[in-house]
Amino acid sequence: MKVPFITKQQVEEIVKEYPTPFHIYDEKGIRENARALNKAFSWNKGYKEYFAVKATPTPAILKILHEEGCGTDCSSMAELVISERSGITGYDVMFSSNETPAEEFVKCAEIGGIINLDDITHIDYVLKALGGKLPKRMSCRFNPGGVFTLGESNESVQVMDNPGEAKYGMTPEQIIQAYKRLSELGVEELGIHSFLASNTLSNDYYPALAKILFELAVEIKEKTGIKLSFINLSGGVGISYTPDAPSNDIAIIGEGVHKVFDEVLVPAGMGDVSIFTELGRFMLAPYGHLVTKAIHEKHIYKEYIGVDACAANLMRPAMYGSYHHVTVLGKEEAPATETYDVVGSLCENNDKFAIDRKLPKIDMGDYLVIHDTGAHGHSMGYNYNGRLRSAELLLKEDGSVVQIRRAETLEDYFATIDDFWDVEV
Ligand SMILES: *Cc1c(COP(=O)(O)O)cnc(C)c1O
């Protein structure tokens, strides 16, 4: 069962000020989850979560997480600037970018963030961009190649991804060379980072990744004498989008990493290494809803419910075929007697939030909650068909609602062509 964190009565109040569609975030849920994560890794003295800004690049969200001890993981100029302007700088910023323009490395260095190099050739590129002087603390991204699988049995594989086909990171040989070079260039604190699989639903993913990185860290120490200062497990801990999927238990995940840490790093004299994470989805997805109103019903070869949100507000179903649970507010207990496609207004037939979904009978004007949109939801929004991105609201711990980003207007949409209405062609 997925239960929305807002009720029909609350939405009826909210829409008096902020019309649908909108994204709304649950401050209480965000804080409790961040605290559970920090608790799960409290055995590690230097532990820090760097929230992947791309998931939800909204200052109010970054500030809440910063208050809970999290930094930011950025990968573009805009994300670095959002972090800086939200008051998050220095070693609270990780810059895990790729194909990075020189000025973004410069910006990261300027705000004192940690540059995580995606490739060995970027050492010279950054050196040049920064005028010959590298920061004291830096990181390198690792790609083990091949196929990464977890929990294989005859019937199923729990986790599978394909690092060998991914554009990110360095090979084992390259990364060892990179550490030697960075060390020679005066970088004193080095770290390693790797992202092997996305949206994993297994308490074993982080421990398995940790084992790979911890063993490599020991090998690096043995081969080069360089002792890494931090190991960044990156993102990839998933959430269950469907009501019946298993969910991850962050306490078990933290303990799983702890065990591998004690087995691999501690005996190698590396018990003081800091563990970092860069979770996005796990930190925010369940604590965001896209709230939309049923405005049309259509009975042709299938039953359609047309809503006032579209893929421009939430791209995941159209882009990945992702499941997002839907609740009809006020009908939480009603039997699911109908089968609907719940669709948006884009002139694209993939603009469907739900396909053949069993739902209670929907009446025009009903409010629908689309669940788990807190990460990679609003942030993936776009303007196709001239559709505008919605507002973002925050349900505060005291039950009040504040706007944390306004909806786009037609003026915003036209801003980039305003000087060109009369262009001679
Ligand atoms: C996207 C991304 C993350 C966050 O991934 P989630 O699956 O949302 O946890 C972390 N680090 C990097 C480098 C990323 O690109």
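The values are calculated or read from the model by the stated rules, or taken from the named source; none is laboratory data. Here the structure is a predicted model, which means the values were calculated and not measured. Cβ atoms come from the backbone with ideal geometry, glycine included; neighbour counts cover every protein chain shown.
Of all the criteria given as (1) in contact with a strand residue (DSSP E or B) (Cβ under 8 Å, 6 or more places away or on another chain); (2) at pLDDT below 95, the one not satisfied by Met1 is (1). Would you call Val266 more than 11 Å from the ligand (Cβ to nearest atom), free of Cβ contacts under 8 Å to residues at least 24 places away in the same chain, surrounded by fewer than 20 Cβ atoms within 10 Å (Cβ to Cβ) and part of a helix (DSSP H, G or I)? For Val266, the condition - more than 11 Å from the ligand (Cβ to nearest atom), free of Cβ contacts under 8 Å to residues at least 24 places away in the same chain, surrounded by fewer than 20 Cβ atoms within 10 Å (Cβ to Cβ) and part of a helix (DSSP H, G or I) - is met.
Looking only at the stretch 247-301, count every residue that is of a type in the set (S, T, N, Q) and under 21 Å from the mean Cα position of the chain (by Cα) and tell me the total. Before you say what the answer is, go through the steps one by one.
Step one: filter the stretch 247-301 for residues of a type in the set (S, T, N, Q), giving 247-248, 274, 277, 292.
Within this subset, residues satisfying the condition of being under 21 Å from the mean Cα position of the chain (by Cα) are 247-248, 277.
Total meeting the criteria: 3.
Please state which one of Ile300, Ile295 is at pLDDT 95 or above and loosely packed, with under 14 Cβ neighbours inside 10 Å. Quick ask: steps written out before the conclusion?
Working: Ile295 fails: loosely packed, with under 14 Cβ neighbours inside 10 Å.
On inspection, the qualifying residue turns out to be Ile300.
Condition first: more than 21 Å from Gly46 (Cα to Cα) and either in contact (Cβ under 8 Å) with a residue 60 or more places away in the chain or in contact with a Ser or Thr (Cβ under 6 Å, 6 or more places away or on another chain) (or both). Now tell me which residues in the stretch 68-82 satisfy that.
The first filter runs over the stretch 68-82 and keeps only residues more than 21 Å from Gly46 (Cα to Cα), leaving 75-82.
Selection gives Ser75 alone.
Taking the stretch 303-400 as the region of interest, the strands (runs of 3 or more DSSP E) fully inside it that hold 1 or more residues being touching a residue at least 12 places away in the same chain (Cβ under 8 Å) and more than 19 Å from Thr20 (Cβ to Cβ) are 303-307, 338-343, 352-359.
Out of curiosity, is Ile220 touching a residue at least 24 places away in the same chain (Cβ under 8 Å), within 16 Å of the ligand (Cβ to nearest atom), at negative phi and surrounded by 20 or more Cβ atoms within 10 Å (Cβ to Cβ)? Step through it out loud before you land on a result.
Numbers: touching a residue at least 24 places away in the same chain (Cβ under 8 Å): yes; within 16 Å of the ligand (Cβ to nearest atom): no; at negative phi: yes; surrounded by 20 or more Cβ atoms within 10 Å (Cβ to Cβ): yes.
Taking the combined requirement at face value, the residue does not satisfy it.
Whether any residue in the stretch 5-26 is polar (S, T, N, Q), in a loop (DSSP other than H, G, I, E, B) and under 22 Å from the mean Cα position of the chain (by Cα) is what I want to check. Looking through the stretch 5-26, none of the residues is polar (S, T, N, Q), in a loop (DSSP other than H, G, I, E, B) and under 22 Å from the mean Cα position of the chain (by Cα).
For Leu80, state whether it is more than 16 Å from the ligand (Cβ to nearest atom) and either over 25 Å from Gln177 (Cα atoms) or at pLDDT 95 or above (or both). I'd like the intermediate steps shown before the answer.
Working: more than 16 Å from the ligand (Cβ to nearest atom): no; either over 25 Å from Gln177 (Cα atoms) or at pLDDT 95 or above (or both): yes.
No; evaluated as a whole, the condition is false for this residue.
Would you point out the residue of the stretch 235-252, among those that are of a type in the set (A, V, I, L, M, F, W, C) and touching a Leu at 6+ places or on another chain (Cβ under 9 Å), that is farthest from Val159 (Cα to Cα)? Outline the logic, then answer.
Keep residues of the stretch 235-252 that are of a type in the set (A, V, I, L, M, F, W, C), which gives 237, 239, 245, 250-252.
Of the ones still in play, those that are also touching a Leu at 6+ places or on another chain (Cβ under 9 Å) are 237, 239, 245, 250.
On the way: Val237: 11, Ile239: 13, Ala245: 14, Ile250: 17 Å.
Top of the filtered list is Ile250.
Does at least one position in the stretch 272-282 carry a residue that is surrounded by fewer than 19 Cβ atoms within 10 Å (Cβ to Cβ) and in contact with a strand residue (DSSP E or B) (Cβ under 8 Å, 6 or more places away or on another chain)? Yes.
Run down Ser202, Ser194, Ser139 and say which single residue is touching a Lys or Arg at 6+ places or on another chain (Cβ under 7 Å), surrounded by 15 or more Cβ atoms within 10 Å (Cβ to Cβ) and not hydrophobic (A, V, I, L, M, F, W, C). Working first, answer last.
Values: Ser202 fails: touching a Lys or Arg at 6+ places or on another chain (Cβ under 7 Å); Ser139 fails: touching a Lys or Arg at 6+ places or on another chain (Cβ under 7 Å).
Exactly one of Ser202, Ser194, Ser139 is touching a Lys or Arg at 6+ places or on another chain (Cβ under 7 Å), surrounded by 15 or more Cβ atoms within 10 Å (Cβ to Cβ) and not hydrophobic (A, V, I, L, M, F, W, C), namely Ser194.
Residue-wise test of (1) at pLDDT 95 or above; (2) among the aromatic types (Phe, Trp, Tyr); (3) buried (at least 24 other Cβ atoms within 10 Å of the Cβ); (4) in contact with a Leu (Cβ under 7 Å, 6 or more places away or on another chain).
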| residue | (1), (2), (3), (4) |
| --- | --- |
| Asn33 | yes, no, no, no |
| Ala40 | yes, no, no, no |
| Tyr50 | yes, yes, yes, no |
| Leu62 | yes, no, no, no |
| Glu67 | yes, no, no, no |
| Ser76 | yes, no, no, no |
| Ser86 | yes, no, no, yes |
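Tell me, which residue of the stretch 173-199 that is among the aliphatic types (A, V, I, L, M) and either part of a helix (DSSP H, G or I) or within 19 Å of the chain's Cα centre (by Cα) (or both) is nearest to the ligand (Cβ to nearest atom)? Walk me through it before giving the result.
At the first step, the residues of the stretch 173-199 found to be among the aliphatic types (A, V, I, L, M) are 175-176, 178, 182, 185, 187, 190, 192, 196-197.
Those left that are additionally either part of a helix (DSSP H, G or I) or within 19 Å of the chain's Cα centre (by Cα) (or both): 175-176, 178, 182, 196-197.
Numbers: Ile175: 16, Ile176: 21, Ala178: 17, Leu182: 19, Leu196: 11, Ala197: 9 Å.
The qualifying residue nearest to the ligand (Cβ to nearest atom) is Ala197.
I'd like the full set of residues that are aliphatic (A, V, I, L, M), within 16 Å of the ligand (Cβ to nearest atom) and surrounded by fewer than 18 Cβ atoms within 10 Å (Cβ to Cβ), limited to the stretch 227-261. Correct list: Ala245 only.
Phe282: of a type in the set (Phe, Trp, Tyr) and within 16 Å of the ligand (Cβ to nearest atom), yes or no? Yes: the conditions hold for Phe282. For Thr149, state whether it is among the hydroxyl-bearing types (Ser, Thr, Tyr) and farther than 21 Å from Ile115 by Cβ. Judged against the criteria, Thr149 is a match. In the set Val106, Val159, only one residue is away from the ligand (no atom under 16 Å from the Cβ) and either in contact (Cβ under 8 Å) with a residue 24 or more places away in the chain or out of contact with any Lys or Arg (no Cβ under 6 Å at 6 or more places or on another chain) (or both); that residue is Val106. Pro207 meets all of the listed conditions (1) in contact with a helix residue (DSSP H, G or I) (Cβ under 6 Å, 6 or more places away or on another chain); (2) within 15 Å of the ligand (Cβ to nearest atom); (3) not in a loop (DSSP other than H, G, I, E, B) but one, namely (2). Taken across the stretch 335-354, residues that are over 22 Å from the mean Cα position of the chain (by Cα), at positive phi and surrounded by fewer than 18 Cβ atoms within 10 Å (Cβ to Cβ) do not occur at all.
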